[in-house]
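The values are calculated or read from the model by the stated rules, or taken from the named source; none is laboratory data. Everything numeric in this text was worked out from a predicted model, so none of it was measured. In this analysis, Cβ positions are derived from the backbone assuming ideal geometry, glycine residues included, and neighbour counts consider all displayed protein chains.
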Amino acid sequence: MKEIPVYKYPGAYADEHDELPAYRASTKANIACKEAIEAAIRDHYRDNRLDADATKQVIDRFGYDRVCHVLAVTIRHKDWDGRISPSSKAWAQTVPVMENPDGWGTDRNRYFVVNSHPGLTDLFLSQVRKEKEREKKPSVIGQLKAAPDAAKGTAARKLTQER
């Protein structure tokens, strides 16, 4: 599922631009991601604690983009719920999500809204965001290993220029 790109446009746009297969594949993956999030919360919440493995297994299967997209849609659909933190609501507004109305005006995005307890969904989102930040920051060991390689490249360029 990680290989399927997140299709961010509505179904009408996909139809007009002959992209329905990509839209349908993305929608199926979004629904599967929603179900995986619900299962992860259900399986990893014990003793008033959500185990970190919950987020890792979902991210490994679907990737950050899809997990974040599904969680942003969920938070936006539940913006009235006080059990979701203001920081999560603010974060969800930063993620680009387009409404996807069907013929009756109902948003099709509701098919992949996570139906777990809103407080646990918020906790899951917080862990995903922390995990994403950890991935962005290179480790000290990684930086130290990269520094000699960069220095070698700089020295080689200087030697080439001097000749």
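On the stretch given as the stretch 68-87, residues that are without any contact (Cβ under 8 Å) to a residue 40 or more places away in the chain and either touching a Phe, Trp or Tyr at 6+ places or on another chain (Cβ under 7 Å) or within 20 Å of Lys8 (Cβ to Cβ) (or both) total 4. Cβ-Cβ contacts under 9 Å between residues 6 or more apart (or on different chains), taken from a first residue in the stretch 56-67 that is under 11 Å from Glu131 (Cβ atoms) to a second residue that is buried (at least 19 other Cβ atoms within 10 Å of the Cβ) and of a type in the set (Phe, Trp, Tyr), are listed as Val58/Phe124.
Could you tell me whether the stretch 91-102 includes any residue that is touching a helix residue (DSSP H, G or I) at 6+ places or on another chain (Cβ under 9 Å), within 15 Å of Gln127 (Cα to Cα), without any contact (Cβ under 8 Å) to a residue 60 or more places away in the chain and part of a helix (DSSP H, G or I)? Looking through the stretch 91-102, at least one residue is touching a helix residue (DSSP H, G or I) at 6+ places or on another chain (Cβ under 9 Å), within 15 Å of Gln127 (Cα to Cα), without any contact (Cβ under 8 Å) to a residue 60 or more places away in the chain and part of a helix (DSSP H, G or I). Of the numbered conditions (1) under 18 Å from Cys68 (Cα atoms); (2) modelled with pLDDT under 80, Asn109 fails exactly one; give the number of that condition. Looking at each condition in turn, Asn109 falls short on (2). The residues of the stretch 7-52 that are under 21 Å from Phe124 (Cβ atoms), in contact (Cβ under 8 Å) with a residue 40 or more places away in the chain and outside any helix (DSSP H, G or I), listed by number, are Tyr45, Leu50, Ala52. Confirm whether Ala72 is part of a helix (DSSP H, G or I), of a type in the set (A, V, I, L, M, F, W, C) and surrounded by fewer than 19 Cβ atoms within 10 Å (Cβ to Cβ). So Ala72 does not fit the description; no.
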